[in-house]
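The values are calculated or read from the model by the stated rules, or taken from the named source; none is laboratory data. Computed from a prediction, not measured in an experiment: that's the story for all the values here. Cβ placement follows ideal geometry from the backbone for every residue including glycine, while neighbour counts extend to all protein chains displayed.
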Amino acid sequence: MSHTAGVAPSSSVDLFTDAALRDPYPTYEALRAVGPAIRLQRYGVWAIPRHREVKEILHTPNIYPSEGGVALTELANSQILAGTVLASDGDKHTQLRRVLSAQLAPRAIRHIVGTVTTRAQRLVNEILEAGQFDAAVLARRMVSDTVMEQMRLPEEAREPLLTGAAPTFDAFGPDNARFQRALPVASRMVEFLHQTVTRETVATESWMGAIFQAVDDGHLDESDAIPLASAYTAASMDTTILGITEAISQLARHPRQWELLRREPTRATAAFHEALRLEAPIQAFGRLVARPTDVAGVRIEPGEQIWLLYGSAGRDPREWGADADAFDIRRRRVDRHLAFGGGPHLCAGIPLAELQARAVLRALATRCTHLTISGEPVRVLNNLLRGWGQVPIAAELGPRGPSVSMNAAAHACERGTAS
Ligand code: HEM
């Protein structure tokens with residue numbers, strides 16, 4: 001990496017090797033040390049590694065638009081992202097986003113709070129009965145049940161949707177082997193949606209039904225329907241599954257934080273946000289540069305592309321202090337992290353993600369005194385997504401108590417140890 005006075009900082013690092021995906025933080029730290037914008041020679045884009053500039057760019061969409069710039073290849077931008085809410089700007093974006101917001105706003109999801117809470121309690125009870133559990137399996141069941149219920153697509157759609165989302169995120173990355181493997185699957189997802197999400201198959205009272213209703217009411221064009229539906233299918237599952245799995249995993253690694261959560265269960269939402277800050281499920285997204293600009297003194301020309309490193313921004317000591325790498329559920333205003341993006345494209349699903357995470361963490365905190373990692377977690381390697389595909393967890397009776405089988409732990413927890 002280099003930064004000579006008067007010369008634009010640049011770097012030959014590859015953020016997408018297996019080793020870099022497994023542990024990107026040393027690279028992020030080095031990039032943050034070089035400057036606010038570093039040209040990645042290998043990909044011809046400008047990496048933005050610090051919190052302040054990522055935030056500023058997200059809030060300046062007239063200089064840094066999304067259309068044509070969210071993914072790293074022209075192919076993904078034109079074939080997978082074209083017409084989506086994620087990759088549109090200005091009035092078009094407002095028009096598409098309004099339909100989603102009507103379904104996802106806090107007031108719109110209030111009626112499912114009871115169902116989601118009960119689902120979390122039931123799932124937690126079930127996994128505790130079954131012995132040691134995998135946090136990723138718990139999160140996957142929680143999220144896919146909730147999302148399938150809101151989409152009300154046929155049950156056969158669940159598996160294709162769950163397996164198609166990760167390749168879609170791989171396909172937003174550079175043209176590497178992972179991208180090449182993912183591209184056909186991501187393209188088939190688009191086909192699958194065209195076949196599955198039709199006026200004949202979707203229920204009126206559902207996310208998908210509301211999209212067709214907006215078409216009928218003249219708020220959307222017919223051609224907007226499937227790209228908009230893909231916002232739900234791609235954005236709502238893996239992100240939240242990885243986020244909830246990460247939160248459980250962090251709490252299992254940090255017994256004092258777990259104890260704190262058990263004493264004060266109202267900290268469940270903060271615990272979720274702290275996990276997202278530390279390990280953003282979506283590590284980066286791109287933007288185009290529409291006008292000559294400078295990013296904290298670094299000149300960038302129109303037509304160039306920016307790569308916003310959400311995962312690095314969450315670890316930036318300039319924003320988070322010397323303990324930026326620590327997991328602390330009491331961190332002040334933790335929800336200012338950028339793992340949900342920011343500005344006009346701020347994640348539309350935050351209330352739903354929070355609701356599910358809160359329900360799972362509280363259900364676990366009510367039933368069990370301790371969580372520990374009981375086997376080797378398995379990392380998901382993806383061009384954009386970060387998190388765990390498996391995290392084996394065991395429950396323990398107490399700080400000095402012996403590790404017990406989950407059945408015994410479940411009964412011990414039931415004896416009312418939660419405060
Ligand atoms: C932990 C869970 C989640 C994470 C980390 C996450 C992350 C993000 C990020 C980073 C963006 C911003 C994209 C950009 O910068 O251009 C975004 C946008 C979006 N998210 Fe989420 N998301 C999560 C859950 C959800 C859920 C549950 C939904 C529900 C359907 C959802 C729907 C969306 C939509 C529709 C957008 C596009 C918004 C727009 O372009 O205006 N997300 N999300």
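Tabulated values for the structure
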| quantity | calculated |
| --- | --- |
| Breaking point among (1) within 12 Å of the ligand (Cβ to nearest atom); (2) surrounded by fewer than 24 Cβ atoms within 10 Å (Cβ to Cβ), for residue 309 | (2) |
| Selection within the range 312-330 - among the small types (Gly, Ala, Ser) and surrounded by fewer than 16 Cβ atoms within 10 Å (Cβ to Cβ) | 321, 322, 326 |
| Test for residue 267: is it away from the ligand (no atom under 15 Å from the Cβ) and in a helix (DSSP H, G or I) | yes |
| Qualifying positions in the range 17-60 - among the acidic types (Asp, Glu) and either under 21 Å from the mean Cα position of the chain (by Cα) or part of a loop (DSSP other than H, G, I, E, B) (or both) | 18, 23, 53, 56 |
| Filtered residues of the range 98-115 (kept if in contact (Cβ under 8 Å) with a residue 60 or more places away in the chain and of a type in the set (A, V, I, L, M, F, W, C)) | 99, 100, 102, 104, 105, 109, 112, 113 |
| Selected residue (criterion: farthest from the chain's Cα centre (by Cα)) from residues of the range 344-358 that are within 24 Å of residue 54 (Cβ to Cβ) and in a helix (DSSP H, G or I) | 344 |
| Any chance residue 280 is buried (at least 20 other Cβ atoms within 10 Å of the Cβ), aliphatic (A, V, I, L, M), more than 15 Å from the ligand (Cβ to nearest atom) and at negative phi | no |
| Where a residue in the range 132-145 is closer than 15 Å to residue 387 by Cβ and of a type in the set (D, E, K, R) and its partner, wherever it lies, is in a helix (DSSP H, G or I) and within 14 Å of the ligand (Cβ to nearest atom), with Cβ under 6 Å and at least six apart | 140/241 |
| Residue in the range 395-409 that is acidic (Asp, Glu) and at pLDDT below 95 present | yes |
| Filter pass, residue 72 being within 11 Å of the ligand (Cβ to nearest atom), surrounded by 20 or more Cβ atoms within 10 Å (Cβ to Cβ) and of a type in the set (A, V, I, L, M, F, W, C) | no |
| Enumerated helices (runs of 4 or more DSSP H) restricted to the range 159-260, each holding at least 2 residues that are within 16 Å of the ligand (Cβ to nearest atom) and either within 15 Å of the chain's Cα centre (by Cα) or closer than 30 Å to residue 364 by Cα (or both) | 225-235, 238-253 |
| Answer residue from the range 331-342, given it is surrounded by 15 or more Cβ atoms within 10 Å (Cβ to Cβ) and either in a loop (DSSP other than H, G, I, E, B) or of a type outside the set (A, V, I, L, M) (or both) and is farthest from the ligand (Cβ to nearest atom) among those | 331 |
